[in-house]
1. Can you tell me which of Phe143, Phe49, Phe19 moves the most in a GNM of the chain? Springs connect C-alpha atoms under 10 Å apart.
2. Provide Rg and Dmax in Å for segment 119-169, with only Cα atoms included in the calculation.
3. If each residue of separation counts as 0.36 nm, what is the full-extension length gain between Arg193 and Ser131 once their alpha-carbon separation is subtracted?
4. With loop defined by DSSP as not H, G, I, E or B, and exposure as at most 15 other Cβ atoms within 10 Å, which is the longest segment of the chain clear of exposed trypsin sites (Lys or Arg not before Pro)?
5. Between Ala67 and Leu158, 0.36 nm times their residue separation minus their Cα-Cα distance comes to what?
6. Select from segment 33-118 those GluC sites (Glu not before Pro) which occupy a DSSP coil region and have at most 12 other Cβ atoms within 10 Å, ordered by residue number.
7. Please state, to two decimals, what the Cα-based radius of gyration of segment 1-123 comes to when divided by 2.2 N^0.38 Å (N = residues).
8. According to the square roots a ≥ b ≥ c of the eigenvalues of the Cα gyration tensor, what is the shape class of segment 45-112, taking rounded for a/c under 1.5, prolate for a/b larger than b/c otherwise, and oblate for the remainder?
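Please treat every number below as a calculation from the coordinates, not as lab data. If you're wondering where the values come from, they're calculated on a predicted model, not measured in any experiment. Methodologically, a virtual Cβ is constructed for each residue, glycine included, from the backbone with ideal geometry; neighbour enumeration extends over all protein chains shown.
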Amino acid sequence: MPHSPNQNHLLAALPPEEFGRLLPHLELVPMLLGEVLHEPGIQVRYVHFPTTAIVSMLYILESGISAEIASVGNEGILGISTFMGGETTPITAVVQTAGHGYRLQGRLLKEEFDRGGMVRHLLLRYTQALSTHIFQTAACNRFHSIEQQLCRWLLATLDRLPTGELVMTQELVANALGVRREGITEAAGNLQRDGIISYRRGHISVLERAGLEKRSCECYAVVRQESGRLLSDIRHRQGAAAV
């Protein structure tokens, strides 16, 4: 499939005039597995609009322990600090699923944001949806079992992929959830034994999505429902643009 900025839902929802101003400055870039896009305390120069890649937003403690607070795929943008006024971020952004995306100089997006209009409206809606994701993930990491967290994480990842197969190691998943690898091994083993997933050599195939949803905690549904509510106009505009 040829690459297109319209594969990102936010870009696809922009009105023609605003999209036209950004289009000449959008740069298609490969997003490699494990690539660090943002680091704590360093000014964010570029925002990224993933199309086929997924980026994990990690908070890393002084001890080196990390936990994912949210992830960004083709529904959104990485680098909200550029238009929210912070310029830097305390998180580390790492590519979780390799693919492609478009990057844009942060100052150009800030200029478009300051114009107001639909760009500002869409970006603020997305930021609120991302905040919901972060809040719910914090609660999930504190109160729910590793198996529930794994199911929630797999479902959120699956929603952004064209197939039911994920390329990732148990170590990567453990780092994202902030748990020991042994815990992921046990939880993944339970799911595989029950025929819900198949795991082999860094590949996770989801065999029964309904089983994942049943074993997940309520956090997945809460985030999906709230994101759907907040981003419904983005999907509507995206559909209208496609017509």
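1. Phe143
2. In order Rg, Dmax, the Cα atoms of segment 119-169 give 13.7, 39 Å.
3. Details: separation 62, 0.36 × 62 = 22.32 nm, distance 3.50 nm.
Contour length minus the Cα-Cα distance gives 18.8 nm.
4. Numbers: sites that count: Arg45, Arg115, Arg180, Arg201.
The longest such stretch corresponds to 46-114.
5. On the way: separation 91, 0.36 × 91 = 32.76 nm, distance 1.92 nm.
The span from Ala67 to Leu158 would gain 30.8 nm if fully extended.
6. Numbers: sites: Glu35, Glu62, Glu68, Glu75, Glu87, Glu111, Glu112; in loops: Glu35, Glu62, Glu75, Glu87.
Here the GluC sites (Glu not before Pro) that fit, given the DSSP loop and packing criteria, are Glu62.
7. On the way: Rg = 14.2 Å, N = 123, 2.2 N^0.38 = 13.7 Å.
Taking the Cα Rg and dividing by 2.2 N^0.38 Å, one obtains 1.03.
8. Note, shape of segment 45-112 comes out oblate.
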